[in-house]
Amino acid sequence: MMRPEDILVPTPSGVCCKPGGFHIDPTRPVDKALITHGHSDHARAGHGKVLATQETLDIMRLRYGDGFAGSVQAVSYGETLKLDGARVSFHPAGHVLGSAQIRVECGGLRVVASGDYKDVVDPTCAPFELVPCDVFITEATFGLPVFRHHDADGEIAKLLRSVALFPERAHLVGAYTLGKAQRVMAMLRAAGHDKPIYIHGAAEAITRYYQSRGIELGQVELVRGANKADLAGHITVCPPSAMSDLWSRRFPDPVAAFASGWMRVRARARQRGVTLPLVISDHADWDGLTATIAATGASEIWVTHGQEDALVHWCQTKGLKARPLDIAGYGDEDEADSEAET
Ligand SMILES: [Zn+2]
Ligand SMILES: [Zn+2]
């Protein structure tokens with residue numbers, strides 16, 4: 001019987017599959033990279049060959065240009081590939097458009113690298129698929145019991161109530177450019193909001209791409225072309241960093257909202273000058289993480305990407321083998337404001 005470490009080894013460049021000859025979400029350039037999703041801490045330019053879903057490849061191309069990799073191969077959800085000594089398949093992670101968990105099977109042992117994931121409904125991407133496995137590599141962005149995201153629809157309703165209450169004011173919603181911004185817009189549409197939604201130029205290419213893939217976002221306009229009076233009574237979605245920029249001064253008496261799992265922490269909202277925190281997360285919360293770990297049936301859990309300790313401890317109390325993976329270079333997109341400018 002193979003040991004998990006014979007299949008996947010954590011290295012400084014990311015998780016490496018020796019029998020398959022590839023890395024998953026490498027943080028440094030490698031020969032062959034399997035990429036879970038388009039967020040820049042997972043999807044970097046400069047690899048020899050990249051295997052990912054078509055959407056992830058398209059998103060990488062939008063962000064980095066045509067030469068982002070030596071060559072690419074699109075992989076469909078559920079399709080099984082043989083890469084040297086490993087069998088590999090991609091499964092929906094429910095995180096952003098095109099996001100995937102990667103299942104690697106070798107010598108009868110099944111390892112699933114989740115990438116980032118969430119187990120709640122998102123109108124902009126395929127729902128999270130539970131993939132049974134022996135070893136589950138989970139993220140832990142919100143890996144503390146204090147993080148319970150509750151109902152995102154309720155947060156959207158709160159935003160719409162504020163817009164109705166203050167028709168003379170603009171509503172600025174800070175939302176990460178890839179994924180969160182489009183999810184907020186799609187949820188507003190699902191809640192019946194039919195006015196134009198304005199966006200910051202940094203979100204334009206990704207938003208148009210989502211629309212081209214059939215995600216219904218209604219009428220989306222650029223702030224660039226609008227005058228100040230137009231923006232009153234409307235919702236504008238922008239990168240979180242833009243809210244404190246000169247850019248935000250063009251808005252009439254703006255209400256500052258921010259859509260993030262971190263908005264559960266009041267001090268974070270205050271620090272950012274957010275008056276309308278919206279707890280909307282593209283990552284599983286504590287209950288989602290622990291329920292998913294249990295449901296995979298895995299007996300061994302590797303925890304990465306965030307607050308590993310509490311989750312490792314939880315696993316151990318449930319009789320599971322668990323360890324943190326110390327790989328530098330994975331960030332949290334909601335906090336990675338600098339990326340909003342790219
Ligand atoms: Zn992500
Ligand atoms: Zn991530």
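Each reported figure results from applying straightforward, stated rules to the coordinates on display, with no laboratory input. Just so it is clear, the model here is predicted, and its values are computed rather than measured. Cβ sites come from the backbone with ideal geometry, for glycine too, and all protein chains shown count toward neighbours.
Tabulated results
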item: Entries of 158/195; 18/180; 180/228; 82/318; 118/195 with Cα pairs more than 23 Å apart; result: 18/180; 180/228; 82/318; 118/195
item: Largest-first principal axis extents, alpha carbons of the range 1-80, Å; result: 42, 28, 19
item: Where GluC sites (Glu not before Pro) fall in DSSP loop in the range 24-113, at most 14 other Cβ within 10 Å; result: 79
item: GluC sites (Glu not before Pro) restricted to the range 125-184 and DSSP loop, no more than 12 other C-beta within 10 Å; result: 168
item: DSSP-defined antiparallel bridges as percent of all bridges, the chain, nearest 5; result: 35
item: Per-pair calculated FRET efficiency, R0 = 30 Å: residue 245 and residue 326 via Cβ, rounded to 0.05; result: 0.30
item: For the chain: span of alpha carbons on each principal axis (Å, largest first); result: 67, 45, 31
item: Residue-count net charge about residue 300 - beta-carbon cut-off 9 Å; Lys, Arg +1, Asp, Glu -1; result: +1
item: Per-selection metrics, the range 152-278 (Cα): Rg and Dmax in Å; result: 13.3, 38
